[in-house]
1. What's the total number of residues in the range 64-78 that are buried (at least 18 other Cβ atoms within 10 Å of the Cβ), in contact (Cβ under 8 Å) with a residue 24 or more places away in the chain and not in a loop (DSSP other than H, G, I, E, B)?
2. Would it be correct to say that residue 4 is part of a helix (DSSP H, G or I), closer than 23 Å to residue 114 by Cα, touching a residue at least 40 places away in the same chain (Cβ under 8 Å) and more than 16 Å from the chain's Cα centre (by Cα)?
3. Have a look at 90, 58 and point out the one that is more than 28 Å from residue 139 (Cα to Cα), more than 14 Å from the chain's Cα centre (by Cα) and surrounded by fewer than 17 Cβ atoms within 10 Å (Cβ to Cβ).
4. Would you confirm whether any residue within the range 137-150 is more than 20 Å from residue 71 (Cβ to Cβ), hydroxyl-bearing (Ser, Thr, Tyr) and assigned to a helix (DSSP H, G or I)?
5. Output the number of residues of the range 19-53 satisfying the condition of being among the aromatic types (Phe, Trp, Tyr) and either crowded, with 18+ Cβ neighbours inside 10 Å or closer than 19 Å to residue 157 by Cα (or both).
6. If I filter the range 66-89 for residues that are touching a helix residue (DSSP H, G or I) at 6+ places or on another chain (Cβ under 9 Å), at pLDDT 95 or above and among the basic types (Lys, Arg), do I get at least one hit?
7. Answer yes or no as to whether residue 53 is modelled with pLDDT under 95 and farther than 24 Å from residue 127 by Cα.
Amino acid sequence: MMPGGHLATSFVLGSAAYAYTRSAPLAAGCVLGGFLIDFDHYLDYLIFERQWRRPSPASFLRYYFTYKAQKMVLPLHSLELMTLLAGIAAFQPHPILIGYWIGAAMHLLFDMLINGDHVLKRPILFYLFAYRAFHKFRVEMLLDPITVSRGTGERPYIEFFKWQPPKATPISQEEAD
């Protein structure tokens with residue numbers, strides 16, 4: 001799912017949580033978990049992709065929407081982290097932590113359902129940090145080879161608000177080599 005889709009669904013989830021419980025911390029946690037979990041993409045861009053000379057949001061979005069990334073560490077997109085947070089929440093049930101967990105779970109579910117059909121080689125395994133680490137976080141081991149449609153990345157702020165990822169066409173192994 002694209003960031004705009006996560007933003008919209010996170011606000012719907014947060015609003016529903018607030019309407020049902022009247023808990024602002026729970027609602028805030030839902031939004032944080034559902035949308036700001038994607039901050040790890042930006043950290044990957046700066047740290048592992050070494051793009052600190054082009055830190056602007058437009059450069060970052062353009063880079064990711066055109067699938068130029070070589071590494072996908074994504075520590076927040078981790079089923080292991082989700083398990084740890086669930087354990088902590090069981091012993092320390094703070095509303096913001098519970099909300100974060102609910103929002104992040106929704107985010108990961110939508111990612112698996114929408115991105116899984118799009119480019120991920122192994123849609124569920126991809127969300128295991130250990131699986132990505134086993135493949136040294138290398139994109140070519142985690143994503144199908146693709147070509148991006150002409151014009152993708154030219155209007156990153158508009159693409160941000162689309163529901164599905166930019167159109168990408170899987171390419172054959174011969175074309176990839």
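The values are calculated or read from the model by the stated rules, or taken from the named source; none is laboratory data. Being a predicted model, the structure only gives us computed values, none of them experimental. With ideal geometry, Cβ positions are generated from the backbone for all residues, glycine too; neighbour counts draw on all protein chains shown.
1. 1
2. no
3. 90
4. No, the range 137-150 contains no residue that is more than 20 Å from residue 71 (Cβ to Cβ), hydroxyl-bearing (Ser, Thr, Tyr) and assigned to a helix (DSSP H, G or I).
5. Here the count works out to 4.
6. Checked against the condition, which is being touching a helix residue (DSSP H, G or I) at 6+ places or on another chain (Cβ under 9 Å), at pLDDT 95 or above and among the basic types (Lys, Arg), the range 66-89 yields at least one hit.
7. Judged against the criteria, residue 53 is a match.
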